[in-house]
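Okay, structure first, notes after.
The values are calculated or read from the model by the stated rules, or taken from the named source; none is laboratory data. Bear in mind the structure is a predicted one, so any value in this text is a computation, not a measurement. Positions of Cβ are backbone-derived with ideal geometry, glycine not excepted, and every protein chain shown enters the neighbour counts.
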């Protein structure tokens with residue numbers, strides 16, 4: 001249900017309403033599948049969408065990556081880390 005006290009998007013054509021966070025997601029400035037170079041990993045990494053069935057452990061904090069994460073783009077390298085790590 002839409003909370004009228006919060007900002008939202010509205011489409012006048014199809015009469016659909018959605019909160020800004022629901023449209024943009026929790027990480028609006030992260031380009032999914034964009035390639036990045038991290039100072040602490042030798043290979044380029046890409047951002048991945050939230051895992052659904054398999055949660056590999058973060059290479060930095062060792063906790064399962066259950067949210068958007070960086071993953072190594074090099075075949076055979078299994079590096080994965082949370083965005084916050």
TODO: Looking at (1) at pLDDT 85 or above; (2) surrounded by 10 or more Cβ atoms within 10 Å (Cβ to Cβ), find the lone condition where residue 48 falls short.
DONE: (1)
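Quick one: which of 55, 9 is at pLDDT 75 or above, assigned to a strand (DSSP E or B) and more than 11 Å from the chain's Cα centre (by Cα)? Walk me through it before giving the result.
Numbers: 55 fails: assigned to a strand (DSSP E or B).
Criteria check complete, one pass: 9.
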